[in-house]
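Written below as structure tokens is the structure these notes are about.
Nothing in this text is a laboratory measurement; each read-out follows from the coordinates by a stated rule. Owing to the predicted nature of the structure, the values given are computational and were not obtained by experimental measurement. No Cβ is skipped: glycine too gets one built from the backbone with ideal geometry, and neighbour counts run over all protein chains shown.
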Amino acid sequence: MLKFFIAGIMQGSMTYGIHGQDYRPRLKRIVASAFPDAEVFCPFETHPESVDYDDDRGRDTFLDLVDRAMEADVLVAYLPQASMGTAVEMWRAFDAGRVVIAISPLSKNWVVRYLTDKVCPTLDDFELFAASGEFRRLIESRG
């Protein structure tokens with residue numbers, strides 16, 4: 001069974017609050033429709049109040065999440081804007097030889113450009129990529 005990690009912008013450059021997380025259920029649906037038997041982990045579901053954690057819990061959570069990103073077979077990162085946390089998760093997954101997909105208009109950003117197997121500019125593009133079977137073929141080609 002394939003394990004997927006849903007990465008994506010949460011706090012970004014905001015000094016207070018978080019970006020909307022409504023993209024996460026859609027990403028999970030897209031992955032589940034292309035890979036019905038997959039295990040899909042979403043950090044926000046496990047830690048919806050993480051920006052309010054104290055330093056000890058925040059540090060432990062962050063380090064656990066980057067380890068989970070590395071342990072997944074596939075990391076799908078939603079980056080409408082830059083996100084340092086997502087960049088670290090992407091690095092860990094890439095460095096471990098995992099498949100990394102970015103959904104981002106930032107195709108010139110070096111993290112997006114060089115740490116991914118595929119960049120889809122939008123969620124709609126990612127959905128088409130998954131529905132076409134190309135996503136499955138990419139994962140299978142990485143064996």
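Sequence neighbours fewer than 8 away in the same chain don't count; with that in mind, list the lysines whose C-alpha is under 20 Å from residue 28.
By straight Cα distance, residue 28 reaches 3, 118.
For q values of 0.22, 0.30, 0.31 Å⁻¹, compute log₁₀ I(q)/I(0) with the Debye formula on a Cα-only model of segment 92-143, without solvent.
-0.83, -1.17, -1.18
Based on Cβ point charges of +1 for Lys and Arg and -1 for Asp and Glu, what charge dipole magnitude is obtained for the chain about its Cα centre, in debye rounded to the nearest 20?
580 debye
I'd like the Karplus ³J(HN,Hα) series for segment 96-104: coefficients 6.51, -1.76, 1.60, θ = phi - 60°, whole numbers in Hz, and an x wherever there's a Gly or Pro.
So the J values, rounded to whole Hz, are 8, x, 7, 6, 10, 10, 10, 10, 6.
What fraction of the Cα pairs in the chain, stated in percent, has a spacing above 23 angstrom?
Values: 2833 of 10153 pairs.
For the chain, the fraction of Cα-Cα distances above 23 Å is 28 percent.
Note down the net charge around residue 104, summing +1 for each Lys or Arg and -1 for each Asp or Glu among other residues with Cβ under 14 Å from its Cβ. Don't jump to the answer; show the numbers that get you there.
Working: positive: 108, 113, 118; negative: 89, 117, 124, 125.
For residues surrounding residue 104, the net value is -1.
Kindly provide the pair-distance distribution of segment 34-105 built from C-alpha pairs, with 5 Å bins from 0 and whole-percent values in order of increasing distance.
Result, from short to long distances: 3, 15, 24, 26, 20, 9, 2, 0 percent.
Report, by chain and number, residues whose modeled amide H sits under 5 Å from the one on residue 38, excluding near sequence neighbours (fewer than 5 apart, same chain).
Those qualifying (amide H under 5 Å, at least 5 residues apart or on another chain) number zero.
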